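What follows is one structure encoded as structure tokens, with my remarks underneath.
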């Protein structure tokens, strides 16, 4: 009995031991599998982190390459600026005129005045060519016109940098309506126009109308009003054509971006306000929320164009980096304050003023006078100054061509001519005759002729 009991106890102990061993083995296996799963999970997470880091590194590399491409500025071979009505465009035009003087960029000018055939679409033959010089390579166009992209390319070539400026549509329209006194032209008040339910289209040939910004861009507003697909395609085409569209509400930021992209100096992008509405022309309409909402019905195409390029500019600013743009804004505003202080008391050079603009010169004092005189020069006065300078250059080149065609032999005697252009300028009435004569004389007086006359 005792032997059976002992055997039974041994058997039970063996079973328990086997069970414990099995259980321990299962637990060990479970622990092993758990550790294996954990290791596999950690390995997978590590691979995912590694892949994420590689993706981030690749994205950062691509971003840096894009930023390097953006920060490596490219001086423009030529600049086209679409001068849109009442969008701070005269201030930007003044900046571009100064740049053209500094870099000796020939400017494409209208035959007369400051409009290229507007409201008709621009044509290349509208460019004034002194003495019929059709081989002149122009590098800036910045006067009012109704855009025809192909015709502009004929003048400036395919590699020109294209710029424009837009403004919040309601503000642009109110400013235009009051500045040009359209109440008298259209025979209705601004409130009456805004409250009307029909789309207004001015009769006859006129510069100004609703959706003026789109009209200046050369768009067929009436067709776009009824074709959303065409409007989308048009915005895509304009997006591809214009390198930078400045926004009046973000003008400082736009100018900083322009400075970076075109390799300009900070003083190049200093602007003062030009052609702003005088206070007595400004009404409470600017702050009338109801009127502004009513205007949206009439300005649908301008609103679509403005919104598209506003968002585009915001993205371009983000691409350059907030800190970089903020630093640029501080520098630009410091330069504006500097020139506002330096030019305090300077008088505006209005159309009809007889005083010629001073040359740039090389000394700091001369450059100071040059900068202040340009900052306070009206658009028409500046245009006529450039026109006369280019007429002068054309006459000078024409004179040399005729002179060299004579094939006169050279001898050692040098004849110095010292005729005073200032005396000539003051002695003759303002006319094309004075321009032609004085410029030809000035050309001879500024150089020396080493000619043989025998």
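Coordinate-derived values only; no laboratory data. It should be emphasised that the depicted structure is a prediction, and the values quoted were computed from it without experimental measurement. Neighbour counts run over all protein chains shown; Cβ positions are idealised from the backbone, glycine included.
Considering the zone a paramagnetic label at residue 237 would reach in this model (a point 7 Å from Cα along the Cα-to-Cβ line), which residues of the range 136-156 have amide N under 18 Å from it?
Taking a point 7 Å out along Cα→Cβ of residue 237, the residues of the range 136-156 whose backbone N falls under 18 Å are 146-154.
Based on the Cβ-Cβ distance from residue 137 to residue 318, what FRET efficiency comes out when R0 is 30 Å, to the nearest 0.05?
So, using R0 = 30 Å, E works out to roughly 0.25.
Quick one: if the Förster radius is 60 Å, what FRET efficiency do residue 22 and residue 55 give, using the C-beta to C-beta distance and rounding to 0.05?
Efficiency, from the Cβ-Cβ distance: 0.80.
Please compute the length gained on full extension between residue 362 and residue 41, using 0.36 nm multiplied by the number of residues separating them and subtracting their Cα-Cα distance.
Taking 0.36 nm per residue and subtracting the Cα distance, the gain is 108.3 nm.
Using r as the Cβ-Cβ distance of residue 171 and residue 273, and R0 as 22 Å, what FRET efficiency do you calculate, to the nearest 0.05?
It comes out at approximately 0.95.
If the viscosity is 1.567 mPa s and the temperature 4 °C, what translational diffusion coefficient in µm²/s does Stokes-Einstein give for the range 298-352 when Rh comes from Kirkwood over Cα pairs?
In µm²/s, the coefficient rounds to 88.
If you take the Cα atoms of the range 79-379, find Rg, then find the Kirkwood Rh from the mean of 1/r over all pairs, what is Rg/Rh?
So for the range 79-379, dividing Rg by the Kirkwood Rh gives 0.96.
Within 10 Å of each residue's Cβ, count the other Cβ atoms and sort 245, 185, 336 from fewest upward.
Listed from fewest to most nearby Cβ atoms, that is 185, 336, 245.
Distance in nm between label sites at residue 181 and residue 104, each 7 Å beyond Cα in the beta-carbon direction?
4.6 nm
How much length would be gained if the chain were fully extended between residue 226 and residue 77, taking 0.36 nm per residue of separation minus their Cα-Cα distance, in nm to one decimal?
49.8 nm
Dividing the alpha-carbon Rg of the range 113-187 by 2.2 N^0.38 Å yields what?
Dividing the Cα radius of gyration by 2.2 N^0.38 Å gives 1.39.
Quick one: 308, 85, 297, fewest Cβ neighbours within 10 Å first, how do they rank?
297, 308, 85
Neighbour counts of other C-beta atoms within 10 Å: give me 175, 89 arranged from fewest to most.
Ranked by crowding around the Cβ, least crowded first: 175, 89.
What does the convex hull of the Cα atoms of the range 106-239 come to per residue, in Å³, rounded to a whole number?
Dividing the Cα hull volume of the range 106-239 by its residues yields 132 Å³.
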